[in-house]
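Here the structure is laid out as structure tokens; the discussion comes afterwards.
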Amino acid sequence: MNRRDFLQTVAVATAGGALVREGGAAVRGVQLGAQTYSFRDMALAAAVDAMATLGIETCELWAGHLRQADKEPPTVEDARKAKALFDQAGVGLHAFNGQFSPKATDEELANTFELARVLGVTLVTTSTKVSLASRIGPLAEKADMVVGFHNHSRIGNDETATPADFARAQQLGGDAIKINLDIGHFVAANLDPVAFLEEHHADVIALHIKDRKRDQGDNVPFGEGDTPITEVLQAVRDGGWPIHANIEYEYKGTDTVTEVRRCLDYCRKALES
């Protein structure tokens, strides 16, 4: 079954019964999706089924969902099997969250782009050292892909956290280096994601949507922290910026599907208001 046929079907048969989709993901022109890390307590097949049930039409694939049980690096065959799961469920892939180690050889770095190619995406996101952009950039250009550097809240030498860190990565890596802005981590580092987007939206290819408190505060349920989720989503909507907004469920909740549904509902309400 292809993607179009799947999306026209109200339910599909599964081993456990009927898998019912809960609705589309694009809201007021903004593509809401998920980072599959949100479903890190599930095997990939279960995570894909959960996303299909929730109506998540596009996602960023966490490398951990490709990793084999023996912790060996994922292979092309792993990526091929993963792609088949997504295709069968009608859940699109728009990015691969690859792993780039500073200790890796160029061949090992290039393998991440090969995995992305097999997955059918041209966008790779990564959490790595800023200095590695000088090696990643040329490899990304050769693969005709772009790499979105992902920020955390740690501010330190060679960490990706601040606007200056993003700028340095782009300077080192060239045009292939873009930004995967995690708005929760940005706020935890006492930075303003709305102001950053207004100035740098052309370089931002995806957002990670989570809620954290300032001053390195905890992840909390959406609406309970200091992250301006509503303002960020409305800025993307009103600006007409082609930026994917991927929910990354990280706070301590109950059932994963229940909590991701709650996150989706919060974001939809923000975009519809």
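Here are a few things to note about the model shown:
- Principal axis box of the chain, alpha-carbon based, largest edge first, Å: 51, 43, 33
- Antiparallel DSSP beta bridges within the chain, percent to nearest 5: 20
- Extension gain (nm, one decimal) between Lys81 and Asp144, 0.36 nm per residue minus Cα-Cα: 20.4 nm
- Computed about the Cα centre, the dipole magnitude for segment 3-272 is approximately 360 debye when only Lys and Arg (+1) and Asp and Glu (-1) carry charge, each at its Cβ.
- Once the Kirkwood radius over Cα pairs is known for segment 41-136, the Stokes-Einstein relation at 10 °C and 1.306 mPa s delivers a diffusion coefficient of 115 µm²/s.
- Potential lengthening between Ala167 and Ser101 on full extension [0.36 nm per residue; Cα-Cα distance subtracted]: 21.7 nm
- Distance between the C-alpha centres of segment 196-239 and segment 251-273: 14 Å, rounded to the whole angstrom.
- Partner aspartates and glutamates for Lys103 [C-alpha distance under 19 Å; skip if fewer than 8 residues away on the same chain]: Glu72, Glu114, Asp158, Glu159
- Count of Lys pairs (Cα-Cα under 27 Å; at least 8 positions apart or interchain) in segment 131-273: 8
Quick note: the coordinates plus some simple rules give every number you see, no bench work behind them. Given the structure is predicted, the values throughout are model-derived calculations rather than measurements. Note that we place each Cβ from the backbone using ideal geometry, even for glycine, and neighbour counts take in every protein chain shown.
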